[in-house]
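Structure first, commentary second.
Values quoted throughout were computed directly from the atomic coordinates according to the rules given, and no laboratory measurement underlies them. Just so you know, these numbers come straight off a predicted model, no measurement behind them. Here the Cβ is made from the backbone with ideal geometry for all residues, glycine too, and neighbour counts use every protein chain on show.
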Amino acid sequence: MKITACRAEDLVLLDEHLPSASADSHHAARFGRQEAGESTYLLAWRDGVPAGHAEVRWNGCAAPEVRRAVGACPEINGLAVAGHLRSQGIGSALIRAAEDLARGRRLPAIGLGVDESNTRAAALYERLGYRPVARYVDRWAYVDRGGLRVECADSCTFLVKELAASGG
Ligand SMILES: CC(C)(COP(=O)(O)OP(=O)(O)OC[C@H]1O[C@@H](n2cnc3c(N)ncnc32)[C@H](O)[C@@H]1OP(=O)(O)O)[C@@H](O)C(=O)NCCC(=O)NCCS
């Protein structure tokens with residue numbers, strides 16, 4: 001499993017193989033934040049094609065409930081794997097790569113938010129050592145391909161993993 005930080009030339013392949021629901025590409029926005037030094041946009045590759053992605057947001061989760069609980073703990077955001085490639089370890093590999101980057105920056109912990117209805121993803125994160133620290137409402141909006149602005153408010157739990165210096 002090859003995992004790399006997104007490059008400008010990967011955006012076309014990402015939009016082709018892992019398209020966004022929004023009119024504006026999520027991939028371009030994540031790459032822009034990486035270029036600005038706010039995040040690292042990790043891509044997992046299978047046979048030369050992007051199979052999944054995860055954005056590590058170094059400034060942490062913006063939700064006030066989460067910031068009260070964990071401050072600017074870095075957040076793994078935008079984690080997804082192509083539907084036909086799930087349950088093959090790609091999501092876990094992306095999470096481990098994000099943890100390694102955080103260890104490389106000598107950060108003590110990393111977190112991620114999970115929708116309260118996404119029990120399978122929550123079970124995976126628990127297996128990987130993540131523990132719940134705060135409940136919050138994730139508010140976000142996008143413009144769909146028909147030009148309609150869609151506002152979302154998802155009930156989520158923020159989970160944190162303490163990072164040992166040597167991995168694990
Ligand atoms: C959650 C997700 C990123 C996990 O990636 P993955 O490559 O399937 O993860 P792994 O193969 O490393 O681990 C799979 C495990 O995760 C769990 N899981 C969570 N959501 C799942 C899904 N939609 N399909 C299959 N397994 C899922 C299962 O318990 C599975 O266990 P198994 O391998 O014993 O069957 C991926 O399933 C996905 O993209 N889901 C849709 C988007 C999403 O929910 N993102 C997470 C937002 S917090």
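Just so you know, in region 72-111 the residues that are small (G, A, S), in a loop (DSSP other than H, G, I, E, B) and touching a Gly at 6+ places or on another chain (Cβ under 7 Å) include one that is surrounded by the most Cβ atoms within 10 Å (Cβ to Cβ), and it is A82. For beta carbons closer than 8 Å, sequence separation of 6+ or different chains, a first residue in region 116-139 that is among the basic types (K, R) and a second that is more than 11 Å from the ligand (Cβ to nearest atom), the qualifying pairs are R131/V160; R131/K161; R135/E65; R135/S155; R139/A63; R139/E151; R139/C152; R139/A153.
Conditions (1) β-branched (V, I, T); (2) out of contact with any helix residue (DSSP H, G or I) (no Cβ under 8 Å at 6 or more places or on another chain), marked per residue:
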{"position": "M1", "(1), (2)": "no, no"}
{"position": "E9", "(1), (2)": "no, yes"}
{"position": "P19", "(1), (2)": "no, yes"}
{"position": "H26", "(1), (2)": "no, yes"}
{"position": "R33", "(1), (2)": "no, yes"}
{"position": "V56", "(1), (2)": "yes, no"}
{"position": "R68", "(1), (2)": "no, yes"}
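Kindly establish whether L85 is more than 6 Å from the ligand (Cβ to nearest atom) and in contact with a strand residue (DSSP E or B) (Cβ under 9 Å, 6 or more places away or on another chain). Considered against the rule, which asks whether it is more than 6 Å from the ligand (Cβ to nearest atom) and in contact with a strand residue (DSSP E or B) (Cβ under 9 Å, 6 or more places away or on another chain), L85 comes out as yes. Total residues in region 30-45 satisfying the condition of being in a helix (DSSP H, G or I) and surrounded by fewer than 16 Cβ atoms within 10 Å (Cβ to Cβ): the figure is 2. Cβ-Cβ distances below 7 Å connect the following pairs, each with a first residue in region 70-88 that is under 17 Å from P50 (Cα atoms) and free of Cβ contacts under 8 Å to residues at least 40 places away in the same chain, a second residue that is near the ligand (Cβ under 8 Å from one of its atoms) and among the β-branched types (V, I, T), and a separation of six or more residues or different chains: V81/I90.
Once region 88-138 is narrowed to residues that are more than 16 Å from T4 (Cα to Cα) and basic (K, R), the residue that is farthest from the ligand (Cβ to nearest atom) is R106. Tallying residues that are surrounded by 15 or more Cβ atoms within 10 Å (Cβ to Cβ) and not charged (D, E, K, R) within region 141-165 yields 7.
Contact map, region 38-63: first residue in contact (Cβ under 8 Å) with a residue 60 or more places away in the chain, second residue within 13 Å of the ligand (Cβ to nearest atom) and of a type in the set (D, E), Cβ cut-off under 9 Å, separation 6 or more or different chains; pairs are T40/E55; C61/E75; C61/D138; A63/D138.
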